[in-house]
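Chemist: The structure that follows is given in the form of structure tokens.
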Amino acid sequence: MTFEELRERMVDDQLKARGLTEGRLLAAFRSVPRHLFVPPELAREAYTDHPLPIGADQTISQPYIVALMTHCLRLQGHERILEIGTGSGYQTAILAELGLEVYSVERLPELLLPAKTRLLSLGYSNITLTSGDGSLGWPERAPFDAVLVSAAAPEIPRSLLAQVGTGGRMVLPVGPPNAQMLIEVERRPEAIHRREVASCVFVPLIGEQGWRSAG
Ligand code: SAM
């Protein structure tokens, strides 16, 4: 099968079959070449129903989890989005397909640099990347309409919550290593609403408002 056929099968079997049917979301997953975001020797596995290693003890998340988190943000196309944990840049590309501007923070320069090269070579011009402690968000660029965190914090980082604008949403895994809950947060004018979406397992968010160390 070609990579395009594998991608189409991923959309049908992993996303549509699990109830994610929104047209714009599925179109984004059909267009981003996930096999270019994994190490070359894993390219044939890129469209399987699993996370995969991307080096530096980190992973590219399972396609369904990327889609579920993206779905939680209800993107219409006009949003300024903050992503924490660029990793391979795959989720960044999906967000760039669906929103207006994406700002993404990665702690590890050895992952950020190849992600930057990859995203530029694919022609994305609405992505700004930086390295640093994303548990503190990106205050100079705030507020954001949507915030997506792809590493797990012990609790919702206060700095990130403060950078969600009114009417905005955030999605993130919260909880101890190996057993977290994906939480969707919506900042309405009158109050902040939280909803538990699904249980999940992510690598830790390491930083001032995350876990203090990788070990
Ligand atoms: N979404 C990514 C993708 O599509 O490849 C996968 C992200 S991986 C599950 C989590 C990433 O979060 C890792 O690259 C890790 O280095 C990063 N990370 C952990 N703590 C961080 C922090 N405080 N700030 C920014 N990135 C962080």
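Residue-wise test of (1) modelled with pLDDT of 95 or more; (2) within 14 Å of the ligand (Cβ to nearest atom); (3) more than 12 Å from the chain's Cα centre (by Cα); (4) not in a strand (DSSP E or B).
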site: A96; (1), (2), (3), (4): yes, yes, no, yes
site: S104; (1), (2), (3), (4): yes, yes, no, no
site: L112; (1), (2), (3), (4): yes, yes, yes, yes
site: A115; (1), (2), (3), (4): yes, yes, yes, yes
site: G165; (1), (2), (3), (4): yes, no, yes, no
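Chemist: Pull out all pairs, ordered by first then second residue, where Cβ-Cβ is under 7 Å, the residues are six or more apart or on different chains, the first lies in the range 190-206 and is within 16 Å of the ligand (Cβ to nearest atom), and the second is charged (D, E, K, R).
Modeler: Filtered contacts from the range 190-206: I206/R107.
Chemist: Spot the failing condition for R212; the list is (1) within 14 Å of the ligand (Cβ to nearest atom); (2) in contact with a Pro (Cβ under 7 Å, 6 or more places away or on another chain), and only one is missed.
Modeler: (2)
Chemist: Residues of the range 1-51 being touching a Pro at 6+ places or on another chain (Cβ under 8 Å) and outside any loop (DSSP other than H, G, I, E, B), which ones?
Modeler: If the condition is that a residue be touching a Pro at 6+ places or on another chain (Cβ under 8 Å) and outside any loop (DSSP other than H, G, I, E, B), then F3, R7, M10, Q14, L15, F29, R34, L42 are the ones that fit.
Chemist: Please go through the range 185-198 and give me each residue that is under 16 Å from the mean Cα position of the chain (by Cα) and either surrounded by fewer than 19 Cβ atoms within 10 Å (Cβ to Cβ) or of a type in the set (S, T, Y) (or both), ordered by number.
Modeler: V197, A198
Chemist: OK, next. If the requirement is being out of contact with any Lys or Arg (no Cβ under 8 Å at 6 or more places or on another chain) and under 23 Å from D57 (Cβ atoms), which of these qualifies: L148, L129, L122?
Modeler: Among L148, L129, L122, only L148 is out of contact with any Lys or Arg (no Cβ under 8 Å at 6 or more places or on another chain) and under 23 Å from D57 (Cβ atoms).
Chemist: If you don't mind, there's one more thing I want to ask. Within the group L182, L148, L172, which residue is over 17 Å from E106 (Cα atoms), part of a strand (DSSP E or B) and not basic (K, R)?
Modeler: Step by step, each of L182, L148, L172 is checked, and only L182 is over 17 Å from E106 (Cα atoms), part of a strand (DSSP E or B) and not basic (K, R).
Chemist: Right, something else. For the range 143-193, which positions are aliphatic (A, V, I, L, M) and farther than 21 Å from G89 by Cα?
Modeler: Passing the criteria: I156, L161, A162, V164, V174, A179, M181, I183, V185, A191, I192.
Chemist: If F144 satisfies every condition in (1) within 13 Å of the ligand (Cβ to nearest atom); (2) under 21 Å from P157 (Cβ atoms); (3) of a type outside the set (G, A, S) but one, which is the exception?
Modeler: F144 satisfies all of (1) within 13 Å of the ligand (Cβ to nearest atom); (2) under 21 Å from P157 (Cβ atoms); (3) of a type outside the set (G, A, S) except (1).
Chemist: Among residues belonging to the range 147-163 that are under 15 Å from I192 (Cβ atoms) and touching a residue at least 60 places away in the same chain (Cβ under 8 Å), point out the one that is nearest to the chain's Cα centre (by Cα).
Modeler: Among them, the one singled out is V147.
Chemist: Give just the number: which of (1) surrounded by 22 or more Cβ atoms within 10 Å (Cβ to Cβ); (2) part of a strand (DSSP E or B); (3) away from the ligand (no atom under 13 Å from the Cβ) does L75 not satisfy?
Modeler: Checking L75 against (1) surrounded by 22 or more Cβ atoms within 10 Å (Cβ to Cβ); (2) part of a strand (DSSP E or B); (3) away from the ligand (no atom under 13 Å from the Cβ), the one that fails is (2).
So that you can scan it fast, the table gives a plain yes or no per residue for (1) on the phi < 0 side of the Ramachandran plot; (2) aliphatic (A, V, I, L, M); (3) within 11 Å of the ligand (Cβ to nearest atom):
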{"position": "T130", "(1), (2), (3)": "yes, no, yes"}
{"position": "G137", "(1), (2), (3)": "no, no, yes"}
{"position": "A153", "(1), (2), (3)": "yes, yes, yes"}
{"position": "P157", "(1), (2), (3)": "yes, no, yes"}
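Chemist: Do we find that T70 is β-branched (V, I, T), within 16 Å of L26 (Cβ to Cβ) and within 15 Å of the chain's Cα centre (by Cα) in this structure?
Modeler: Yes: the conditions hold for T70.
The values are calculated or read from the model by the stated rules, or taken from the named source; none is laboratory data. Just so it is clear, the model here is predicted, and its values are computed rather than measured. Here Cβ is always computed from backbone atoms with ideal geometry, including for glycine, and neighbour counts include all displayed protein chains.
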